[in-house]
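What follows is calculated from the coordinates using simple rules that are stated; it is not laboratory data. Computed from a predicted model, the values in this text were never measured in an experiment. Reconstructed Cβ throughout: ideal geometry from the backbone, glycine too, with neighbour counts over all protein chains shown.
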Amino acid sequence: MNLNIFTSISSEPTEGEPSIDFNQILYDIVHWLSTNGVKLLLGLIGLFICFKIINFISNRVNKIMLKRNVDLTATKITQRFVKIGLKLLVFMLFLSFVGIDTAGIGAAIASLAVTIGLALQGSLSNIAGGIVILITRPFKVGDLIETGDIIGTVDDIRAFHTIVITPDNKVVTLPNGALSNSNIINHFSKKIRRLDLVFSISYDDDFKKAQEIILDLAKNNPKVLVLPEPSARVSEHGASAINITAKLWVNSENYYDTKFEMLEEVKTAFDKNNITIPFNQMDVHLDQKNSDK
């Protein structure tokens, strides 16, 4: 009955109009659905399942590497490589399964890559800089670095740029090309650092007593290391004060906490022991002859 309907629809066309064979169209649709359509559906289902498995594998790799205390930078790069690489491989297999010529796609991608490379020469320098950073390892994820007027903790190292989080929680994106060619201070490269603090006292105060106070506070601070031994010595006879420099060794992650604690504790201790921190002073001498005039 349906056949008669389509036959009646595809009746003789009027003069000048092309004929439409709905029977042939219906046949082509059914044939495509029963062959390529089923293959496409199966391919999409397989692609979805494979992507889920790849996500699981990449997360598993990440957990294993973190459990074994592998460097965080290497862990992130490995996880990203596993996830993206396997997904690209599976997608190419999917295209081949549904009957798409992957060789032609590869040639098109190569041509596109050349075109993009010519248009994005600056970005390629960032990729090269990222490779240099990963090879030379001037810093890793989690390190506190300083470059130019930027200081912050490395959050991620990507192909084109490095993401740094500043102490006030700003996100700074640094291009790898410029970063690989600039001066970088890595505050966490070594496990321990020396903290240098300068305390000024009046010339009328007992500097020996001030030294003892500073050393006692340093030895009672659990963040200050016993070895190398802390020291406090007179470092300068200033214009208005005697400067005492304390040199304390701390773990890198405790650097700033120890600095703030020592500054607060020394000020409190100086006040209790009547040791003054003087203001800048200036002696002014008047010429008596000129003043009389």
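Confirm whether L179 is part of a helix (DSSP H, G or I) and crowded, with 18+ Cβ neighbours inside 10 Å.
In short, yes.
Would you call P222 under 18 Å from L263 (Cβ atoms) and in a loop (DSSP other than H, G, I, E, B)?
Against the criterion (under 18 Å from L263 (Cβ atoms) and in a loop (DSSP other than H, G, I, E, B)), P222 qualifies.
Does the range 205-218 include one or more residues that are touching a Leu at 6+ places or on another chain (Cβ under 9 Å), surrounded by 16 or more Cβ atoms within 10 Å (Cβ to Cβ) and not β-branched (V, I, T)? Steps first, please.
Going through the range 205-218, the residues touching a Leu at 6+ places or on another chain (Cβ under 9 Å) turn out to be 214, 218.
If we keep only those that are surrounded by 16 or more Cβ atoms within 10 Å (Cβ to Cβ) too, we end up with 214, 218.
This time we only want the ones that are not β-branched (V, I, T), so: 218.
Within the range 205-218, one or more residues are touching a Leu at 6+ places or on another chain (Cβ under 9 Å), surrounded by 16 or more Cβ atoms within 10 Å (Cβ to Cβ) and not β-branched (V, I, T).
Got a number for residues in the range 138-152 being outside any strand (DSSP E or B), more than 11 Å from the chain's Cα centre (by Cα) and surrounded by 15 or more Cβ atoms within 10 Å (Cβ to Cβ)? Full working, then the answer.
Residues of the range 138-152 that are outside any strand (DSSP E or B), as a first pass: 138-143, 148-149.
Restricting the remaining residues to those that are more than 11 Å from the chain's Cα centre (by Cα) gives 138, 148-149.
Checking the rest, the ones that are also surrounded by 15 or more Cβ atoms within 10 Å (Cβ to Cβ) come to 138.
Adding up the residues that qualify gives 1.
Give the number of residues within the range 230-284 that are surrounded by 15 or more Cβ atoms within 10 Å (Cβ to Cβ), over 36 Å from the mean Cα position of the chain (by Cα), outside any loop (DSSP other than H, G, I, E, B) and of a type in the set (V, I, T).
Qualifying residue count for the region: 3.
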